[in-house]
Amino acid sequence: MKKKYIDLLKDLGLQESESKVYFAALKLGPSPVQVIAREAGVSRTAAYTAIELLVDRKIFTSSKRGLKQVYIAESPERLLSHLKSEMRKMQEKVEVMEQSIDDIKYEAGGDKPVVRFYEGKDIFRALAQDVSKKQPARWHEIANLDDVNAMKGDTEYEAMQKLLGKALGSKKRDYKILHLGEPYRKAPGREYKPIRGRSFHGSVFIYGNTVGLLTVKNKMVMALIENPDIAQTMRVLFEEAFNNGK
């Protein structure tokens with residue numbers, strides 16, 4: 001069998017000995033292991049090991065011919081079906097990895113905070129996805145609502161805001177807002193307290209083990225900081241300010 005086909009199967013996840021044994025058995029038809037090993041150019045021990053792997057992959061079978069045990073390679077179509085199945089499983093694992101990447105980084109970092117930066121209107125999509133994934137019981141926010149309300153009428157911005165609103169409204173939660181400026185409209189189930197005699201541009205939100213810092217005045221920029229100690233510190237400061245607010 002041409003080397004390029006052996007290399008192709010190697011690239012698709014089979015060991016070199018598996019590839020050689022498969023093609024040797026495909027050429028020979030039902031054969032004992034020593035004959036397959038000779039045709040493949042590998043030792044009998046290597047052939048046995050490869051055959052065990054190929055049987056596990058369900059692209060090799062065995063049967064008795066008289067007193068001899070013979071091995072049979074499944075068709076190339078069956079091999080292709082197996083490889084496609086393995087690719088689907090791998091894609092599923094990749095998707096799990098993508099969903100877990102922040103948790104993995106957090107675990108690897110130990111006490112070191114995980115910090116992610118976002119720019120542009122798509123920050124609300126990223127925030128909505130994070131909230132939907134974590135489903136926090138509490139959402140505490142400090143916001144300049146004048147800056148937020150100034151974005152009204154921007155259809156792309158409003159669409160992103162709706163995504164975030166849907167994520168936040170998917171369950172009952174402790175939702176408190178300290179705000180500069182007046183809400184466009186007050187949503188039911190949320191507690192609002194105004195900030196007076198101060199000026200700032202930006203928002204802070206605390207949920208789960210995450211603290212978000214956002215500004216929308218000039219360029220939309222957001223940082224998400226994930227660390228339980230930082231989040232708890234900010235939550236205590238927020239509660240103190242909210243409870244003492246008028």
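The values are calculated or read from the model by the stated rules, or taken from the named source; none is laboratory data. This is a predicted model, so every value here is computed, not measured. Please note: Cβ atoms are built from the backbone with ideal geometry, for glycine as well, and neighbour counts cover all protein chains shown.
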Any residue at all in region 147-157 that is over 24 Å from Leu237 (Cα atoms), modelled with pLDDT under 80 and under 27 Å from the mean Cα position of the chain (by Cα)? yes
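State whether the residues of region 105-119 include one that is at pLDDT 85 or above, more than 11 Å from the chain's Cα centre (by Cα) and assigned to a helix (DSSP H, G or I).
So far as region 105-119 goes, no, none of its residues is at pLDDT 85 or above, more than 11 Å from the chain's Cα centre (by Cα) and assigned to a helix (DSSP H, G or I).
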Residue pairs meeting the criteria (Cβ under 6 Å; at least 6 apart or on separate chains; first closer than 19 Å to His201 by Cα, in region 140-165; second among the aliphatic types (A, V, I, L, M) and at pLDDT below 85): Asp147/Val216; Tyr157/Met151
Would you please list the contacts, defined by Cβ atoms under 9 Å and residues six or more apart or on different chains, that run from a residue in region 207-221 that is touching a residue at least 12 places away in the same chain (Cβ under 8 Å) and small (Gly, Ala, Ser) to a residue that is in a strand (DSSP E or B) and surrounded by fewer than 18 Cβ atoms within 10 Å (Cβ to Cβ)? Gly208/Arg138; Gly212/Val204; Gly212/Ala223; Gly212/Ile225
Does Leu127 satisfy the criteria of being at pLDDT 90 or above, surrounded by 14 or more Cβ atoms within 10 Å (Cβ to Cβ) and hydrophobic (A, V, I, L, M, F, W, C)? no
Quick one: which helices (runs of 4 or more DSSP H) sit completely within region 1-66 and have at least 2 residues that are among the small types (Gly, Ala, Ser) and touching a residue at least 24 places away in the same chain (Cβ under 8 Å)? 16-28, 44-56
If you go through Leu12, Leu28, the only one that is under 27 Å from Ser85 (Cα atoms) and either among the acidic types (Asp, Glu) or in contact with a Leu (Cβ under 9 Å, 6 or more places away or on another chain) (or both) is Leu12
Of residues in region 50-83 being surrounded by fewer than 14 Cβ atoms within 10 Å (Cβ to Cβ) and of a type in the set (A, V, I, L, M, F, W, C), the one nearest to Ser17 (Cα to Cα): Val55
